[in-house]
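The next block holds one structure in the form of structure tokens; read it before the comments.
The numbers here are math on the coordinates, done by the rules we state, and not lab data. Model, not experiment: these values are computed from the prediction. Virtual Cβ from ideal backbone geometry, glycine too; neighbours counted across all protein chains shown.
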Amino acid sequence: MITLINRQRKVPLDEQWLTELITEILTILSYQDFDIGILITTNRTIKRYNETYRHKKGPTDILSFAYHPNTTPGTKIEAIYEDEKNLGDLILSPEYIVRSAKSLGVTYEHRLMILTIHGICHLLGYDHETDEEYAVMQALEESILKKIPRRLQR
């Protein structure tokens, strides 16, 4: 189940589109029976999370909190109990995403799609601390992006 909570009002958000996008990403990755939580919030709120949990100053675009933090990239999460079928939570700031989309010359929705894919990859153990990790994660993200149906691409 996808739990999406939108606690901001500055940037319009098509919640149905985002839910369908996440459903598609989870299906592509064979995690369609796992839960994920999505909090859409303000720069002010994500700033607090960023400073508390990553010890980095200021707001950011997305934060990922994995339910299975020791997952090895590329290894399927095997849930023994039903309540273990949880990937974790993503926190996104549309306010921040709008600014980064403009600086990158892409639409807000496209940037949101890319970041959602990126965040879900983090929930599955992927990271980009080294060049090698970055290359592996980027290849997976590009593979997912190519499989997203046109109707969801923005």
ask   = Residue-wise, which Karplus ³J(HN,Hα) couplings in Hz belong to segment 38-45, taking 6.51 cos²θ - 1.76 cosθ + 1.60, θ = phi - 60°, and x for glycine or proline?
value = 10, 10, 9, 9, 8, 4, 4, 6
message = Quick query: amide H of Arg154 versus all other amide H atoms, modeled in the peptide plane; which residues come in under 5 Å with a sequence gap of 5 or more or a different chain?
response = none
ask   = Taking Cα pairs under 8 Å and at least six residues apart, what relative contact order does the chain come out at, in percent?
value = 26
ask   = Taking GluC sites (Glu not before Pro) that fall in a DSSP loop and have at most 15 other Cβ atoms within 10 Å as cut points, what is the longest piece of the chain between them?
value = 1-77
remark   = Under the Karplus relation with 6.51, -1.76 and 1.60 and θ = phi - 60°, whole-Hz ³J(HN,Hα) for segment 76-83, x at Gly and Pro, equal 5, 6, 9, 8, 7, 10, 4, 6
message = Nearest 500 deg cm²/dmol is fine: what mean residue ellipticity at 222 nm does the chain get from its DSSP H runs of n ≥ 4 alone, each adding -39,500 (n - 2.57), divided by its residue count?
response = -13500 deg cm²/dmol
request  = Evaluate 2.2 N^0.38 Å with N set to the residue count of segment 2-152, then give the Cα radius of gyration divided by it.
outcome  = 1.00
message = If you average the C-alpha positions of segment 57-73 and of segment 90-120 separately, how far apart do those two centres end up, in angstrom?
response = 16
task = Determine, for segment 1-121, the count of lysine pairs separated by eight or more sequence positions (or lying on different chains) whose alpha-carbon distance falls under 17 Å.
result = 5
request  = Give the long-range amide H neighbours of Asn86: residues separated by 5 or more places, or on another chain, with amide H under 5 Å away, using H modelled in the peptide plane at 1.01 Å from N.
outcome  = Asp35
task = List, in order, the whole-Hz ³J(HN,Hα) value for each residue of segment 4-17 obtained from phi through the Karplus relation with A = 6.51, B = -1.76, C = 1.60 and θ = phi - 60°; use x for Gly and Pro.
result = 10, 10, 9, 9, 10, 10, 6, 10, x, 9, 7, 5, 5, 4
query = Taking 0.36 nm per intervening residue step and subtracting the Cα-Cα distance, what contour gain separates Val106 from Thr27 on full extension?
reply = 25.9 nm
